[in-house]
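Asker: Structure incoming, see below.
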């Protein structure tokens, strides 16, 4: 799952980024409302962690804008505002959950799991196509019932394509789903991962659209 972490406190952003990556999440980290809105509009994001006390735009306005771009994306608010009225405003503005600073990282992860289950229930935990099955919750893939041994990047690549059956994904969009923001990716890294992934799947399961990207045709 790819998270958008919007937090202007450099120390807290770094600490949360390290902790969440250790829990297996992929992150985009930004420090302002403007960056958050751009990321929500153009990047592949599954869930947003949003600090309300941003330096440029009020967090509630950022929340409303993100929800206008994607009404189904879960947003968890982080804030030092602990009044009931502030919580109500956040929830009324479209937030899915609310965590008051300071907080324990285990509580944050627990809240994220609840929201993640909601996303999984909405999108479906398992995707099947031509004998290949991807289990988003279990982070496993099978072919004709047999487990396919996939490193993390290859699994994320297959998952991204399976979630977009019949649609063509560009190299840039696949990199956004597979790599953390700021993580260095070689110019041919997607091609290399694709080469290894294809060896483990049925012949012609993944189709290359020359000059555009890749797709997995529907049954």
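The values are calculated or read from the model by the stated rules, or taken from the named source; none is laboratory data. As the structure is a prediction and not an experimental result, all values here were calculated from the model. Cβ sites come from the backbone with ideal geometry, for glycine too, and all protein chains shown count toward neighbours.
Asker: Name every residue in region 61-87 that is assigned to a helix (DSSP H, G or I) and either out of contact with any strand residue (DSSP E or B) (no Cβ under 9 Å at 6 or more places or on another chain) or assigned by TED's automatic domain parsing to the domain that holds residue 172 (or both), in order of residue number.
Answerer: Hits for region 61-87 are 61, 64, 65, 68, 69, 84, 85.
Asker: May I pose another question? Which of the residues that make up region 37-58 are closer than 21 Å to residue 103 by Cα and touching a helix residue (DSSP H, G or I) at 6+ places or on another chain (Cβ under 7 Å)?
Answerer: Hits for region 37-58 are 47, 48, 50, 51, 52, 53, 54.
Asker: Of all residues in region 32-75, count the ones that are surrounded by 16 or more Cβ atoms within 10 Å (Cβ to Cβ) and more than 26 Å from residue 92 (Cβ to Cβ).
Answerer: Result for region 32-75: 1.
Asker: Give region 6-37 a look and list any residue that's in a helix (DSSP H, G or I), under 29 Å from residue 163 (Cα atoms), in contact with a strand residue (DSSP E or B) (Cβ under 8 Å, 6 or more places away or on another chain) and free of Cβ contacts under 8 Å to residues at least 60 places away in the same chain, or say none.
Answerer: Initially, region 6-37 is screened for residues in a helix (DSSP H, G or I), giving 10-22, 33-37.
This time we only want the ones that are under 29 Å from residue 163 (Cα atoms), so: 16-22, 33-37.
Checking the rest, the ones that are also in contact with a strand residue (DSSP E or B) (Cβ under 8 Å, 6 or more places away or on another chain) come to 16-17, 20-21, 33, 35-36.
Passing the criteria: 17, 33, 35, 36.
Asker: Can you tell me which condition residue 90 does not meet? The list is (1) at pLDDT 90 or above; (2) surrounded by 14 or more Cβ atoms within 10 Å (Cβ to Cβ); (3) outside any strand (DSSP E or B), and all the others hold.
Answerer: Result: residue 90 passes all but (1).
Asker: Still on this model: Residues of region 95-104 being within 15 Å of residue 7 (Cα to Cα) and surrounded by fewer than 18 Cβ atoms within 10 Å (Cβ to Cβ), which ones?
Answerer: Within region 95-104, 99, 100, 101, 102, 103 qualify.
Asker: Shifting gears a bit: On the given criteria, is residue 155 under 30 Å from residue 191 (Cα atoms) and either surrounded by 12 or more Cβ atoms within 10 Å (Cβ to Cβ) or not assigned by TED's automatic domain parsing to the domain that holds residue 191 (or both)?
Answerer: Considered against the rule, which asks whether it is under 30 Å from residue 191 (Cα atoms) and either surrounded by 12 or more Cβ atoms within 10 Å (Cβ to Cβ) or not assigned by TED's automatic domain parsing to the domain that holds residue 191 (or both), residue 155 comes out as yes.
Asker: What number of residues within region 38-60 satisfy the criterion of being part of a loop (DSSP other than H, G, I, E, B) and in contact with a strand residue (DSSP E or B) (Cβ under 8 Å, 6 or more places away or on another chain)?
Answerer: Residues flagged as part of a loop (DSSP other than H, G, I, E, B) and in contact with a strand residue (DSSP E or B) (Cβ under 8 Å, 6 or more places away or on another chain) within region 38-60 amount to 7.
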